[in-house]
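**Student:** Provided herewith is a single structure, encoded as structure tokens, for subsequent inquiry.
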Amino acid sequence: MNPVMQAVRVGASRGRTDFVRLSTTPGELFGYLFYPAVFVGLAATLNFDHNTTGVDGSGYFVAGGVVFALVTTSLLTLAQLIGTEREDGTLLRAKALPHGMLAYTVGKALQLLMTCTLSVGLVLVAALLLVDGFTLQGWGGALTLAWVCALGALALIPLGAILGSLTTNPRVTLALTMVVLLALMMVSGVFFPTDFFPAWVGAIGMALPLYWVGVGVRAAALPGSDAAFEASGAWDLPQAAGVLMVWAVVGFLVAPWVLRAMARRESGSRVDRARERAMKRAY
Amino acid sequence: MDTIPEQPAGRAVDPASGVPKDTVVAVEGLRMEYGAVRVLDGVDLTVRAGEIIALLGPNGAGKTTTIEILEGFRHRSAGRVEVLGRDPEHVGEAWRADLGVVLQSWRDHGVWRVRELLHHIGRHYAAYATPERPRPVDTDVLIDRVGLNGNAQKRVKQLSGGQRRRLDVAIGLVGRPRLLFLDEPSAGLDPQARREFHDLVHDAVDENDTAVLLTTHDLDEAERLADRILVLTGGRIVADGSAEELVLALGGDSEVVWSVDGRRNVHSTREPARFVADLYAEHGDAVADLRVGRATLEDVYMDLVRRHEAGDARSAADEFERKTR
């Protein structure tokens, strides 16, 4: 039996178990269902008509819901998982096992993939069924949606891993990630076009991955005429692919290094200190 | 270090042939510094196959640091360390498969089911099975051995403190390790759970010739569990022997207890009468609550802990070493 292959297999089963066990926890289940309900509910009931043009913006908004689902799972959920599992000793347990870190990494990747698919899928299905003006633009649209989500996740996951490794306190990690997430969404025009921002804000947004995930999702599910709302007046899919790929490549070069440095420092006494700190927080 | 028996005894010797068993841990001159603070200052220790060794010392004496260096989780400053024949700073995954580490679980894997978690951990070892060491141990056999049959399908977070500790031990043993590390194993357990836990460790290691190195700040636990006790304080091992050997080594000493101005003092001496005479010469009637008796291991150890906590670790270590010599 090849130890590396065995570790990958064990990791795959860890990912499945983590996913199933967590998804069947009431709190998590609520999280999965809450956001789709909010976005789709708002898009289906509120009036999103554009002030001057009168064009219905609910498709744009709910496309933002899809992006939100993707970014929360790949960035926020991952950072939180890493922060928590460092603090509670899960990571140390993996470190103490032969090829445990490999199995752990494979497991986390798979868990994340399944979580991502489920939460994006839920928003997507609800939006396609309930929101007027949000329809997959043929097979081409479906294909665009698939590669944009996959590439977007690959660009965002390393960021989540790095954010999760930066601090030792999961609460600080959560706060930090929320700040990054909100800033990202703000400048990336996820829910509304950013044309009211100064041009330089838009330029920053266009250097970041989230903007391009948004462009891709809109290109896949909004009618062609809506491209007029984009900064360039068109859905620039080649640029989207390019920017996301650069983020993914750079991320996957940097993140393993940060993760390894973080994991090397883990030991029983660190977990004990974290436990004492958590006990003082009294929950 | 004079109390090391010439020939290893007890479990460290093959009962049939009398030949000493393999050395699984060999440490010489281990030093550890954090900046200017020297935590370990020349630790020497040896563990043989099948031995249960307690590393006993006050909180903050460097026990956990020592064990984390041996586990390969921490870089040392200096010294020679060999665990299962390898330097833990340069080892591979096969080396790790021979170790069991019992971690203090807390709330990791809380939503997993007990049997599922143990089975999952066990699978990591499957690639390292040999005819002599089939790996992993069968999950159900192990669950039965640690007495968790009734809880196998529970979620881990539903277990009591004692049950979680049993699961931790099961996780440490599932790979059939040659060497098992237990760091403060029964911290936070009630007396009943503690006793059961000690029995469990004894039973569990007997059949596989697993060596155990545990840390504890509790003399009672060390006496109950260990074949040999190593006292770590002031950055060094100041005593090394079975509980009986340590008691014998102390046998010549008497313990004088007294108070001056409401402050309780303890001193061990081979000449109690002279010491008391000196005491009266110095303090006169201020000496109160005078008692002279044979020092027990516990008295001497408690004195050591008290002085360690008062910031007097190094001279306390010297005195302890002198006494047990």
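The values are calculated or read from the model by the stated rules, or taken from the named source; none is laboratory data. Nothing here was measured: the structure is a model prediction, and the numbers come from that model. Neighbour counts run over all protein chains shown; Cβ positions are idealised from the backbone, glycine included. The protein model used for the area step is the full one, side chains on, heavy atoms only, and it has no ligands, DNA or RNA in it. Shrake-Rupley method; radii C 1.70, N 1.55, O 1.52, S 1.80 Å.
**Student:** Return the pair list, or none, for Cβ contacts closer than 7 Å from residues in the stretch A:226-246 that are more than 12 Å from residue A:213 (Cα to Cα) to residues that are of a type in the set (A, V, I, L, M, F, W, C) and open to solvent by 20 Å² or more (accessible area, probe 1.4 Å), at least 6 apart or on different chains.
**Tutor:** Pairs found: A:227/A:234; A:227/A:235.
**Student:** Out of the residues in the stretch B:72-98 that are open to solvent by less than 20 Å² (accessible area, probe 1.4 Å), touching a Gly at 6+ places or on another chain (Cβ under 8 Å) and of a type in the set (A, V, I, L, M), which is nearest to the other protein chains (Cβ to nearest Cβ)?
**Tutor:** B:97
**Student:** Looking at (1) assigned to a loop (DSSP other than H, G, I, E, B); (2) within 30 Å of residue B:240 (Cα to Cα); (3) facing another protein chain (nearest Cβ under 10 Å); (4) of a type outside the set (Phe, Trp, Tyr), find the lone condition where residue B:110 falls short.
**Tutor:** (2)
**Student:** Among the residues of the stretch B:187-196, is there at least one that is within 14 Å of chain A (Cβ to nearest Cβ), of a type outside the set (Phe, Trp, Tyr) and under 24 Å from residue B:215 (Cβ atoms)? Outline the logic, then answer.
**Tutor:** Within the stretch B:187-196, the subset within 14 Å of chain A (Cβ to nearest Cβ) is B:187-188.
Applying the additional criterion that residues be of a type outside the set (Phe, Trp, Tyr) yields B:187-188.
With under 24 Å from residue B:215 (Cβ atoms) added as a condition, the list becomes B:187-188.
So far as the stretch B:187-196 goes, yes, one or more of its residues are within 14 Å of chain A (Cβ to nearest Cβ), of a type outside the set (Phe, Trp, Tyr) and under 24 Å from residue B:215 (Cβ atoms).
**Student:** Just to check your reading of the model, which residue among B:287, B:305, B:300 is among the β-branched types (Val, Ile, Thr), touching a Lys or Arg at 6+ places or on another chain (Cβ under 7 Å) and either open to solvent by less than 70 Å² (accessible area, probe 1.4 Å) or under 10 Å from residue B:233 (Cβ atoms) (or both)? Write out each step before concluding.
**Tutor:** Values: B:287 fails: touching a Lys or Arg at 6+ places or on another chain (Cβ under 7 Å); B:305 fails: touching a Lys or Arg at 6+ places or on another chain (Cβ under 7 Å).
The conditions single out B:300.
**Student:** Are any residues in the stretch B:44-69 aliphatic (A, V, I, L, M) and either within 25 Å of residue B:298 (Cβ to Cβ) or within 13 Å of the chain's Cα centre (by Cα) (or both), and if so, which ones? Break it down stepwise before answering.
**Tutor:** Of all residues in the stretch B:44-69, those aliphatic (A, V, I, L, M) come to B:45, B:47, B:49, B:52-56, B:61, B:67, B:69.
Answer for the stretch B:44-69, where residues must be aliphatic (A, V, I, L, M) and either within 25 Å of residue B:298 (Cβ to Cβ) or within 13 Å of the chain's Cα centre (by Cα) (or both): B:45, B:47, B:52, B:53, B:54, B:55, B:56, B:61, B:67.
**Student:** Does residue B:313 satisfy being among the aliphatic types (A, V, I, L, M), outside the structural domain of residue B:229 (by TED's automatic domain parsing) and either in contact with a Ser or Thr (Cβ under 8 Å, 6 or more places away or on another chain) or on the phi > 0 side of the Ramachandran plot (or both)? Quick ask: steps written out before the conclusion?
**Tutor:** On the way: among the aliphatic types (A, V, I, L, M): yes; outside the structural domain of residue B:229 (by TED's automatic domain parsing): yes; either in contact with a Ser or Thr (Cβ under 8 Å, 6 or more places away or on another chain) or on the phi > 0 side of the Ramachandran plot (or both): yes.
Yes, satisfied.
**Student:** Let me ask something else about it. Within the bounds of the stretch B:127-150, is there any residue that is under 22 Å from residue B:226 (Cα atoms), open to solvent by 10 Å² or more (accessible area, probe 1.4 Å) and touching a Pro at 6+ places or on another chain (Cβ under 9 Å)?
**Tutor:** no
**Student:** Going through B:209, B:240, B:220, B:203 one at a time, which residue ends up being surrounded by 19 or more Cβ atoms within 10 Å (Cβ to Cβ) and of a type in the set (D, E, K, R)? Spell out the reasoning first.
**Tutor:** Numbers: B:209 fails: surrounded by 19 or more Cβ atoms within 10 Å (Cβ to Cβ); B:220 fails: surrounded by 19 or more Cβ atoms within 10 Å (Cβ to Cβ); B:203 fails: surrounded by 19 or more Cβ atoms within 10 Å (Cβ to Cβ).
Result of the check over B:209, B:240, B:220, B:203: B:240.
**Student:** In the stretch A:51-102, how many are open to solvent by less than 30 Å² (accessible area, probe 1.4 Å), in a loop (DSSP other than H, G, I, E, B) and either within 30 Å of residue A:3 (Cα to Cα) or polar (S, T, N, Q) (or both)?
**Tutor:** 5
**Student:** Listed residues A:146, A:183, A:155, A:175; which is closer than 22 Å to residue A:113 by Cβ and surrounded by fewer than 21 Cβ atoms within 10 Å (Cβ to Cβ)? Before you say what the answer is, go through the steps one by one.
**Tutor:** Numbers: A:183 fails: closer than 22 Å to residue A:113 by Cβ; A:155 fails: surrounded by fewer than 21 Cβ atoms within 10 Å (Cβ to Cβ); A:175 fails: closer than 22 Å to residue A:113 by Cβ.
Result of the check over A:146, A:183, A:155, A:175: A:146.
**Student:** What number of residues within the stretch B:143-184 satisfy the criterion of being more than 13 Å from every other protein chain (Cβ to nearest Cβ), β-branched (Val, Ile, Thr) and under 25 Å from residue B:21 (Cβ atoms)?
**Tutor:** 1
**Student:** Inspect the stretch A:129-140 for any residue being acidic (Asp, Glu) and not in a loop (DSSP other than H, G, I, E, B) and give the result as yes or no.
**Tutor:** The initial filter retains those residues of the stretch A:129-140 that are acidic (Asp, Glu), namely A:132.
From what is left, the residues that are not in a loop (DSSP other than H, G, I, E, B) are none.
No; the residues of the stretch A:129-140 include none that is acidic (Asp, Glu) and not in a loop (DSSP other than H, G, I, E, B).
**Student:** Another question, if that's okay. Would you pick out the residues in the stretch A:97-144 that are without any contact (Cβ under 8 Å) to a residue 12 or more places away in the chain, of a type in the set (A, V, I, L, M) and over 30 Å from residue A:12 (Cα atoms)?
**Tutor:** A:129 - this is the single residue of the stretch A:97-144 that is without any contact (Cβ under 8 Å) to a residue 12 or more places away in the chain, of a type in the set (A, V, I, L, M) and over 30 Å from residue A:12 (Cα atoms).
**Student:** Among the residues of the stretch A:267-279, which ones are open to solvent by less than 10 Å² (accessible area, probe 1.4 Å) and closer than 12 Å to residue A:95 by Cα?
**Tutor:** A:267
**Student:** With B:312, B:278 as the choices, which residue is open to solvent by 50 Å² or more (accessible area, probe 1.4 Å), within 28 Å of residue B:54 (Cα to Cα) and of a type in the set (Asp, Glu)?
**Tutor:** On the way: B:278 fails: within 28 Å of residue B:54 (Cα to Cα).
When all the criteria are applied, what remains is B:312.
**Student:** Next question, about the same structure. Within the stretch B:206-325, considering only helices (runs of 4 or more DSSP H) that don't extend past its boundaries, which have at least 3 residues that are at pLDDT 85 or above and out of contact with any strand residue (DSSP E or B) (no Cβ under 9 Å at 6 or more places or on another chain)? It would help to see each step written out before you state the result.
**Tutor:** Numbers: elements: B:219-225, B:243-250, B:272-283, B:297-309, B:313-323.
So the answer is B:272-283.
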